[in-house]
Amino acid sequence: MNDIKSTNQLKVAIIGAGIAGLATSIRMACRGYEVDIYEGNAFPGGKLSEIRLGDYRFDAGPSLFTMPSYVEALFELAQVPIEEYFKYERLDIVCNYFWEDGTQISAYADPTMLAAELHHKLKVDPEVVNRILTDSQRKYDICGEIFLEKSLHKLSTWLQPKILRAMVLIPTLDLFKSMHKVNSRITDNPKLIQLLNRYATYNGSNPYKAPGLLTIIPHFEYNIGAFVPHGGMHQITQSLFELAKMKGVRFHFNTNVQRINLEDDCARGISINEKILSYDKVVSNMDVYSTYKKLLPHENHPERTLAQERSTSAVIFYWGIKQEFDSLDVHNILFSENYQEEFKTLELKSIYHDPTVYINISKKYVAEDAPSGCENWFVMVNSPHRAGQNWDKLIAETRNNIIAKINRILKVDIESLIVVESLLDPRTIESRTSSHLGALYGSSSNDKMAAFMRHANFSSKIKDLYFCGGSVHPGGGIPLCLLSAKIVDEIMHE
């Protein structure tokens, strides 16, 4: 096991108890530092929280769990047996896909079974699946560790031998082709292309613009695996929350930080209700835009970085359904008939009339999440970030379109089965999590160099100020947020 020794009793303030803030607090506490987390909400987890509606429980935000080794690493670091606090299992079916023409595909986690399914349903040569997953793993092996697990803003990263190999092989990484063009090169089957293009949405991007390097994502789901935590996704938050407390981290909920205090261009603490609290280092798990604009209003801001295009957001309906559906699994996608037009509509800051609908049903693995004979549906469509839309009108139209699509594909009257309902949209995402304009992933990855343009995990102008979470490098999603904490820890102690 790793054993990090404390060099002195530094005091660290972490702003925000999102998943990255929790992971950072554990890493800091394992170094023997005094750690305080200040969170505006009454609960930890940020987007990775839960809501309850009567007898139904829902994971409020992220619903796909990959790279469990990043969670395991924190328990190993803390020298605490993970099995006492967190358990999970690998999914046999990653996702069920549905099209309007009646085509249904179960994307099996096993590559051989996946290839057989695609051959049977889409007449795709099994060798195509092998090429897709081999190419995805090849790209990860070349650049995954460098681009995802290291700071791209430190000279020490670029002096590593691995980066030289990656630089030589850049022409083979499809950085300068769109994800759609890369997928179209591998197969000419329109349904398989659409399925592969979907992975751009994992970081709020457009597959027709995002770089082809994002074809690295299937490697995580199929070569490594997609998983489901026992007790639901919220158990990731709960297990890390308990681990942090066990290591002595102090939590201050319902507490909004007013500003980050500086002395001689060094972060030296925070202010809360005009009370000055002194710290040796400050880490912000708050959206980087909000960190600068709200907590450092009088400092020079990295305006070019903050002005980058925001990622997409989401409109999510939480429905308690008084019926069970054998055709559905934990992850389900009902595809739009015109995927490219859907993304064009998102760029116009609206929601397409025939949106792709994602349905997550944790009840499939967590029996207590809904009453017997019922299911808890997390129903999501991609939406633009907040840009002056008439959200009440747009959401009402979208709800009708979602229901009509579900009814057509599943041959059901779904509205008659909804017994409880709640809503999350870009407005509430912004108000609850301080995500600028309600964007789920900070800046988008539509630019070919987007990976290099995300804000660093440290400030180049303010010493002892660090950043973690989905709005900074390496990006959004649970695995990358956990890696951002690892990067903060490493660069803090170079």
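Couple of notes before you dig in:
- Overall dimensions of the stretch 318-401, expressed as equivalent-ellipsoid semi-axes from the Cα gyration tensor (√(5λ), whole Å, largest first), are 28, 14, 10.
- Lys pairs, the stretch 51-169 - Cα-Cα below 21 angstrom, 8 or more residues apart or on other chains: 4
- Between the Cα long axis of helix 478-492 and the first principal axis of the chain there is an angle of about 20°, rounded to the nearest 10.
- Relative protection proxy for 97-106, 159-168, from highest mean packing down: 97-106, 159-168 (other beta-carbon atoms within 10 angstrom).
- Dividing the summed helix terms, -39500 (n - 2.57) for each DSSP H run of n ≥ 4, by the number of residues in the chain produces a 222 nm estimate of -9500 deg cm²/dmol to the nearest 500.
- Global form of the stretch 258-389, assessed from the alpha-carbon gyration tensor, a/c cut-off 1.5: oblate
- Helix 234-246 and the longest principal axis of the Cα set of the chain meet at an angle near 20°.
- Largest accessible area first, the residues W319, W158 order themselves as W158, W319 under a 1.4 Å probe with ligands, DNA and RNA left out.
- Phi-based couplings in Hz for the stretch 101-117 (Karplus 6.51, -1.76, 1.60; Gly and Pro marked x): 7, x, 5, 10, 10, 9, 7, 5, 5, 6, x, 5, 5, 4, 4, 5, 5
- Rounded, prolate or oblate (a/c below 1.5 giving rounded, otherwise prolate when a/b exceeds b/c) for the stretch 388-476 by Cα gyration tensor: prolate
- In a DSSP loop and with at most 12 other Cβ atoms within 10 Å, the GluC sites (Glu not before Pro) in the stretch 258-323 are E274.
- Counting protein heavy atoms only, the stretch 433-487 has 57 percent of its accessible area on carbon and sulfur, 1.4 angstrom probe.
- Qualifying lysines (Cα of each under 27 Å from Cα of K344; at least 8 residues distant if same chain): K47, K177, K181, K191, K209, K393, K405, K448
- Degrees separating the helix 391-410 axis from the principal Cα axis of the chain, which is the longest one: 40 degrees
- Phi-derived couplings, Karplus 6.51 cos²θ - 1.76 cosθ + 1.60 at θ = phi - 60°, listed residue by residue for the stretch 305-310: 5, 5, 8, 4, 4, 6 Hz, with x used for Gly and Pro.
- Remark: C-alpha extents of the chain on the principal axes read 64, 55, 47 Å, sorted largest to smallest.
- Estimated at 0.36 nm per residue, the fully extended path between E299 and D413 surpasses their Cα-Cα distance by 35.5 nm.
- Amide H contacts for F65 (H built 1.01 Å from N in the peptide plane; partners 5 or more residues away or on another chain; cut-off under 5 Å): F227.
- Here's how it looks for V420: its modeled amide H is under 5 Å from those of G320, which are all 5 or more places away or on a different chain.
- Modelled spin-label separation between R185 and E76, with each label point placed 7 Å from Cα along the Cα-to-Cβ direction: 3.5 nm.
- Sparse-neighbourhood loop sites, chymotrypsin sites (Phe, Trp or Tyr not before Pro) in the stretch 252-292 - DSSP loop, at most 15 other Cβ within 10 angstrom: F253
- Here the accessible area of the stretch 45-113 is 46 percent carbon and sulfur, with a 1.4 angstrom probe and all protein chains present.
- With θ taken as phi - 60° and the Karplus curve 6.51 cos²θ - 1.76 cosθ + 1.60 applied, the whole-hertz 3J(HN,Hα) list for the stretch 171-185 is x, 8, 9, 6, 5, 9, 10, 6, 4, 4, 5, 5, 5, 6, 6 Hz, x standing for glycine and proline.
- For the stretch 434-494, convex hull volume per residue from C-alpha positions, Å³: 99 Å³
- Each DSSP beta bridge with both residues in the chain is either parallel or antiparallel, and the antiparallel ones are about 70%.
- Solvent-accessible area per residue, Å², over the stretch 290-424 with all protein chains present [probe radius 1.4 Å]: 42 Å²
- Taking a ≥ b ≥ c as the square roots of the eigenvalues of the Cα gyration tensor, an a/c ratio of 1.5 or more together with a/b no larger than b/c marks the stretch 155-254 as oblate.
The values are calculated or read from the model by the stated rules, or taken from the named source; none is laboratory data. Note that the coordinates shown come from a computational prediction; the quantities given were computed from them, not determined experimentally. As a convention, Cβ positions derive from the backbone with ideal geometry for all residues, glycine included, and neighbour counts pool all protein chains shown. Side chains are part of the model used for accessible areas, which takes the heavy atoms of the whole protein and leaves out ligands, DNA and RNA. Shrake-Rupley method; radii C 1.70, N 1.55, O 1.52, S 1.80 Å.
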